[in-house]
Amino acid sequence: TGIETVKIPPPAAFNGRYFYPSYELSGHRLLRELNARRTDVLHPLHVTPFGTWAAKTGFHPTIAAAVGADIFDHSPEPPPVQWQQNTSFFSAAKRNFLRPFYRNRVRAALNFADKITADNQALCNGIVDGFGIKSEKIELLRWGVDPDMFDENRDADAKINALLRPLSPPIVLVP
């Protein structure tokens, strides 16, 4: 297809899992990879941790994708802790203790992004109301299909040509 996919993990992991400080401390590494590939657009799929990682690079343009928990879990009024069988007092206390740190990182990533996409209006509202981001910076981009491609009145050849047109750069990197 001519589309290059590159996996750039942060430098440190613990028991096979990457931990947040690894993203915080490796923006220079990601920037080096972006420049080496002459990347046109950086598109972190989640505001945290990938949007915060992108912000550490200083790379523009960046289009952050807010997907829900990254915004709602760090809003001014957090959702109540849902006690489950595996929820301990320690994990709930840790979550509340670290909440201001994560909230600040989300705000920084949202402020850094040139554009923010969200797939529903509640998420757009959460970004504006919860983080003070201007609505002009947010694009409501619903996931799904282009209904025009399935318009029964559209010429079949036009549909096929639209699907077959060659993909051309820009290169989009999603860390």
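Phi angles across segment 110-115 convert, under the Karplus curve 6.51 cos²θ - 1.76 cosθ + 1.60 with θ = phi - 60°, into 3J(HN,Hα) values of 5, 5, 5, 4, 6, 8 Hz, Gly and Pro given as x. Surface calculation, 1.4 Å probe, protein heavy atoms: L98 sits at approximately 50 Å² accessible. Solvent exposure of E139, expressed as accessible area, is near 90 Å², computed with a probe of 1.4 Å over the protein chains only.
The largest accessible area among R17, R107, R99 belongs to the first residue in R17, R107, R99, and the rest follow in falling order (1.4 Å probe, all chains).
Once the Cβ-Cβ distance of L141 and A13 is raised to the sixth power relative to R0 = 22 Å, the FRET efficiency obtained is 0.10. Across the protein chains, with a 1.4 Å probe defining accessible surface, the residues I63, I160, I127, I8 rank I160, I63, I8, I127 from largest area downward.
Using 1/(1 + (r/R0)^6) with R0 = 30 angstrom and r between the beta carbons of F97 and R38, what's the FRET efficiency to the nearest 0.05? The formula returns an efficiency of 0.10 here.
The listed residues D114, D70, once ranked by accessible area (1.4 Å probe) with the largest placed first, stand as D114, D70.
The values are calculated or read from the model by the stated rules, or taken from the named source; none is laboratory data. Model, not experiment: these values are computed from the prediction. A quick note on method: Cβ atoms are made from the backbone with ideal geometry, for glycine too, and the neighbour counts reach across all protein chains shown. Ligands, DNA and RNA are stripped out before the accessible areas are found, and what is left, the full protein with its side chains, is counted by its heavy atoms. Shrake-Rupley method; radii C 1.70, N 1.55, O 1.52, S 1.80 Å.
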